[in-house]
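Q: Shown below is the structure under consideration.
No lab work stands behind these numbers, since they all come straight from the coordinates. Treat the numbers as computed from the prediction; the structure is a model and nothing was measured. Because the Cβ atoms are built from the backbone with ideal geometry, glycine has one as well, and the counts that use them run over all protein chains shown.
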Amino acid sequence: MEIKIGTSGYSFEDWKGPFYPTDIKKGKYLDYYIKHFPTVEINSTYYRIPHPAVMTNIEKKTPDNFEFIVKTPNLLTHKRKFTTEEINQYFDCLKPMFESGKLKGLLAQFPYSFKFSLANLDYVEKCNEILHPHELFIEFRHDSWVNRTMYDTFKKNNIGYVAVDEPQLNGLLKPDMFATTDTGYIRLHGRNAEKWWNGGALRYDYDYSDDELEEWKKKIEKMRQKAGKMYIFFNNCHLGQAVKNAREMMQKFNL
């Protein structure tokens, strides 16, 4: 099983010192990042759809074997109201990475309020159809989605399921590892239960212990006969803790 480990985004001012040199310019963040990691999630596309030139500049900075996962706009996952023109704009922004072969999938992160129902499952299937031919990975925040109907539907339609690590609060998903396609996908958000609901960006203020990373390593090892590839992204980005934990995980797999 091929394992790719990275972080959820890379453009953070508070990574200066913990990861980036203190005198680095923002335009050089990615140049530095790619020396340490083979993949990254682009999350800025959730907030607004960038001009294709922006994505071209990002793509050109990376080596041929670098891999991107790009987040879908909140128009699809949170507002769930969008036009054909907006979808076309999103596809245009993806072209530079898609045509270079570096775009490996799209990440759709649905909110906690988006709970399981057949109507909502149909909507997820619709998103998969709209975003074809790109491989779609779905992250849920509400545990009602972990059921046989979802699993069978994802398997049938080749929709990727995203396993998550987050605080064990009522309604949130448990840290279970399974995949619905040949590609496994994990996002580790941290376990800051105190700040999760009302802490804003501080919800991601968490440093995983070695024991906690080892728990995930064991779960990932069990997937070796079930998946051909595994993405592991750390989203506990506060003060560069995602970088620290991603590096530690890479060492566990001798990457």
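Q: Take peptides 10-21, 66-77 and line them up by average Cβ neighbours within 10 Å, highest first, as a rough protection proxy.
A: Output ranking for 10-21, 66-77: 66-77, 10-21.
Q: Next question, about the same structure. Per q in 0.14, 0.18, 0.22, 0.26 Å⁻¹, report the Debye log10 I(q)/I(0) for region 173-255, using one uniform scatterer on each alpha carbon and no solvent.
A: Log10 I(q)/I(0), no solvent term: -0.49, -0.79, -1.08, -1.32.
Q: Shifting gears a bit: So what's the net charge close to Gly9: Lys and Arg +1, Asp and Glu -1, counting the other residues with Cβ under 11 Å from its Cβ?
A: Surrounding charge for Gly9 is 0.
Q: Follow-up question, since we're still on this one. On each of the three principal axes of the Cα atoms of region 1-56, give max minus min coordinate, whole Å, ordered largest first.
A: 34, 30, 18
Q: What are the radius of gyration and Dmax of region 78-195, computed over its Cα atoms and given in Å?
A: Using the Cα atoms of region 78-195, the pair Rg, Dmax is 14.9, 43 Å.
Q: Report the semi-axes of the equivalent ellipsoid for region 51-123 in whole Å, largest first, where each axis is √(5λ) for an eigenvalue λ of the Cα gyration tensor.
A: 28, 14, 9
Q: Treating only the Cβ of Lys, Arg, Asp and Glu as charged (+1, +1, -1, -1), what charge dipole size does region 27-96 show about its Cα centre? Round to the nearest 20 debye.
A: In debye, rounded to 20, region 27-96 gives about 240.
Q: Toward the positive end of the charge dipole of region 83-147, about the Cα centre and with charges on Cβ (Lys, Arg +1; Asp, Glu -1), which of Pro133, Ser113, Tyr90 goes farthest?
A: Ser113
Q: Oh, and also: Take every Cα pair under 8 Å in the chain that's 6+ residues apart, average their separations, divide by the length, and report that relative contact order as a whole percent.
A: 20 percent
Q: Which lysines have a Cα lying under 21 Å from the Cα of Lys35, excluding residues fewer than 8 positions away in the same chain?
A: Cα-Cα hits under 21 Å: Lys4, Lys16, Lys25, Lys26, Lys60, Lys61, Lys102, Lys104, Lys244, Lys252.
Q: Roughly how big is region 138-255's charge dipole about its Cα centre, with Cβ charges of +1 (Lys, Arg) and -1 (Asp, Glu), in debye to the nearest 20?
A: Computed about the Cα centre, the dipole is about 460 debye.
Q: Moving on. Would you work out the Kirkwood radius for region 2-252? I mean one over the mean of 1/r across all pairs of different Cα atoms, in Å.
A: 18.6 Å
Q: Now a separate question. Where the centre of each part is set by its Cα atoms, how far does region 225-242 sit from region 161-215, in angstrom?
A: So the two Cα centres are separated by 10 Å.
Q: Turning to a different aspect of this structure: Place a +1 charge on the Cβ of each Lys and Arg in region 2-252 and a -1 charge on the Cβ of each Asp and Glu, then give the dipole magnitude about the Cα centre in debye, rounded to the nearest 20.
A: I would put it at about 140 debye.
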